[in-house]
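Take a look at the structure below.
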Amino acid sequence: MEDIKQSLKKIVGSDYIATDKETLYAYSRDASPEPGIMGDIIIRPGSSKEISEILKIANETKTPVWPRGAATSLVFMGAPLKEGGIVLDLTRLNNIIEIDEDAMSVTAESGITWGKLEALLKKRNWFTGFIGPGPGYTSTIGGAVSVASVMYGSAKYGTACDILLGLEVVLPTGEIINTGSSAMKKSFKHTRYGIGPDSSGLFCGDNGIMGIKTKITFKLYPYPEYIRYIHYGYENFNQVINCLHEMASYRIASDLAVVDNKIGVSWGGSKRFPLHGLIKTYSEKMADAQVEFLEKINNKYGGEKGKEYFPKMVLEDKRYEMFPMSGRLGNFGASCNKIPIKRATEFHNMFLEFMEEYKREARKHHILWEFYAFISGNNIDILPTIMVPTDKKENYDFGRKLWKKLVQKEIKSGAIHYWLGKVIGDVVSDNYKREYFQFIRNIKQSIDPNNILNPTLLKL
Ligand SMILES: Cc1cc2nc3c(=O)[nH]c(=O)nc-3n(C[C@H](O)[C@H](O)[C@H](O)COP(=O)(O)OP(=O)(O)OC[C@H]3O[C@@H](n4cnc5c(N)ncnc54)[C@H](O)[C@@H]3O)c2cc1C
């Protein structure tokens with residue numbers, strides 16, 4: 001390992017490499033309740049070329065490489081999945097490269113945070129539509145494309161991969177390629193398709209097993225200055241879901257979500273299920289008309305009109321702080337289930353039954369629960385969360401066990417989890433159809449012959 005360290009030091013310089021125990025420990029975890037695993041070397045490259053050199057050495061020496069954005073993952077990834085290897089911290093790659101106003105695209109380095117990207121684009125009157133997951137002040141665009149993140153803007157604009165036009169990727173064997181229109185010798189950054197198979201798709205949601213994303217090109221939309229909030233309170237879950245389904249079908253609101261105030265801490269609002277949404281558009285008239293349209297839908301289902309402060313706080317003012325704030329209640333034992341919208345009632349009931357089944361033990365072990373659900377295009381993302389206590393080892397172990405039980409149950413019931421770290425990836429892999437698993441394994445073997453990138457993820 002000392003030889004590898006010396007070779008790597010020559011690539012990035014001594015300021016950007018560490019092997020001391022404290023740093024290895026700091027890089028051993030993500031934001032999940034899972035205990036950490038230490039690598040051998042932490043490295044912070046500053047360019048695609050440096051990453052290419054690092055991967056070539058890792059290949060020659062068959063050393064595992066663990067790509068890491070901000071490590072805000074909640075299912076154990078972005079850290080070593082087994083002991084040893086090189087943790088590749090990508091957060092020095094944090095600049096916008098180009099805003100192409102003609103092509104309506106922005107190209108940025110993959111380690112830039114959503115918060116920084118949004119702030120810089122706003123100065124030029126642009127935005128990306130989907131504007132990041134819960135912890136957007138810290139999480140990176142590279143991490144989000146790697147797990148096909150959803151959340152802010154997803155009701156209208158979909159996932160981080162739906163706004164993607166192309167990538168620069170360093171392959172596990174060190175070659176640097178471009179996907180989308182930039183794959184061509186003479187090219188512009190304007191379209192993802194038309195170059196043969198959708199090669200960007202290979203890296204979308206790959207959870208970092210197929211290559212290192214170094215530059216990312218996203219679509220741009222004019223910055224929407226006219227904002228409206230909607231808030232309707234419901235007492236009946238089925239009704240709120242039917243209303244959300246109809247609202248979501250029009251792709252008018254950029255955000256639509258619902259909370260269950262009876263599970264865990266109350267989020268506010270006068271009813272048990274506050275439906276809250278955000279409209280972003282381009283004139284007063286358009287904004288008013290869109291609110292009126294959605295209000296008509298709500299009136300069919302009988303939601304009670306609530307105050308603006310609630311959606312304003314959750315979806316705008318405290319957007320990137322809301323979820324991290326509730327981390328004080330324990331470590332997030334979260335799962336994020338994509339399901340067709342009307343199946344939400346089934347999953348909500350499943351969670352209620354699960355809580356009932358473990359009620360006594362959960363109380364004994366200081367477990368808190370949370371429930372949030374939001375629209376992502378034609379899906380709803382259900383987040384039943386077990387707040388895993390950190391007060392006593394016994395409670396912590398129980399919380400983690402309960403969390404994994406719930407994840408198993410959800411996947412077996414047809415939920416699609418896009419964060420596929422160690423905790424969820426293994427279960428997903430076990431539930432693949434046999435031919436599909438073989439197909440993925442063949443691709444992985446041809447692209448990463450020494451299996452250096454995130455080995456063991458998805459049982460590969
Ligand atoms: C409080 C809280 C709320 C959250 N809310 C949401 C939410 O609303 N929606 C959501 O989708 N997620 C959410 N998450 C999970 C997480 O924040 C997101 O998945 C986020 O997009 C991960 O980005 P990251 O930079 O932290 O990536 P990391 O966690 O560092 O990495 C994620 C995966 O991608 C790989 N990777 C990272 N960067 C690259 C790269 N450049 N090239 C190749 N592989 C790479 C890593 O190896 C890892 O497998 C939440 C997390 C927390 C703690």
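Numerical summary
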quantity: Any hit, region 24-37, residues being within 24 Å of the chain's Cα centre (by Cα), under 30 Å from Trp126 (Cα atoms) and small (Gly, Ala, Ser); calculated: no
quantity: Identity of the residue in region 34-56, outside any loop (DSSP other than H, G, I, E, B), within 14 Å of the ligand (Cβ to nearest atom) and not hydrophobic (A, V, I, L, M, F, W, C), that ends up surrounded by the most Cβ atoms within 10 Å (Cβ to Cβ); calculated: Glu50
quantity: Out of Asn395, Asn454, sole residue that is open to solvent by less than 30 Å² (accessible area, probe 1.4 Å), of a type in the set (S, T, N, Q) and not assigned by TED's automatic domain parsing to the domain that holds Asp260; calculated: Asn454
quantity: Extreme residue, farthest from Lys280 (Cα to Cα), among residues of region 121-167 that are more than 8 Å from the ligand (Cβ to nearest atom) and assigned to a strand (DSSP E or B); calculated: Leu167
quantity: Residues of region 362-385 that turn out to be crowded, with 23+ Cβ neighbours inside 10 Å, touching a Leu at 6+ places or on another chain (Cβ under 6 Å) and not hydroxyl-bearing (Ser, Thr, Tyr), as a count; calculated: 1
quantity: Qualifying residue in region 176-194 (condition: under 21 Å from Glu53 (Cβ atoms), surrounded by fewer than 19 Cβ atoms within 10 Å (Cβ to Cβ) and within 16 Å of the ligand (Cβ to nearest atom)); calculated: yes
quantity: Within region 298-345, tally of residues that are part of a helix (DSSP H, G or I) and without any contact (Cβ under 8 Å) to a residue 60 or more places away in the chain; calculated: 8
quantity: Restricting region 57-90 to residues that are more than 8 Å from the ligand (Cβ to nearest atom) and polar (S, T, N, Q), the residue that is surrounded by the most Cβ atoms within 10 Å (Cβ to Cβ); calculated: Thr63
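The values are calculated or read from the model by the stated rules, or taken from the named source; none is laboratory data. Quick caveat: nothing in here was measured; it's all calculated off a predicted structure. Don't worry about glycine lacking a Cβ; one is built from the backbone with ideal geometry, like all the others, and counts go over all protein chains shown. Note: areas computed on protein heavy atoms with side chains; ligands, DNA, RNA excluded. Shrake-Rupley method; radii C 1.70, N 1.55, O 1.52, S 1.80 Å.
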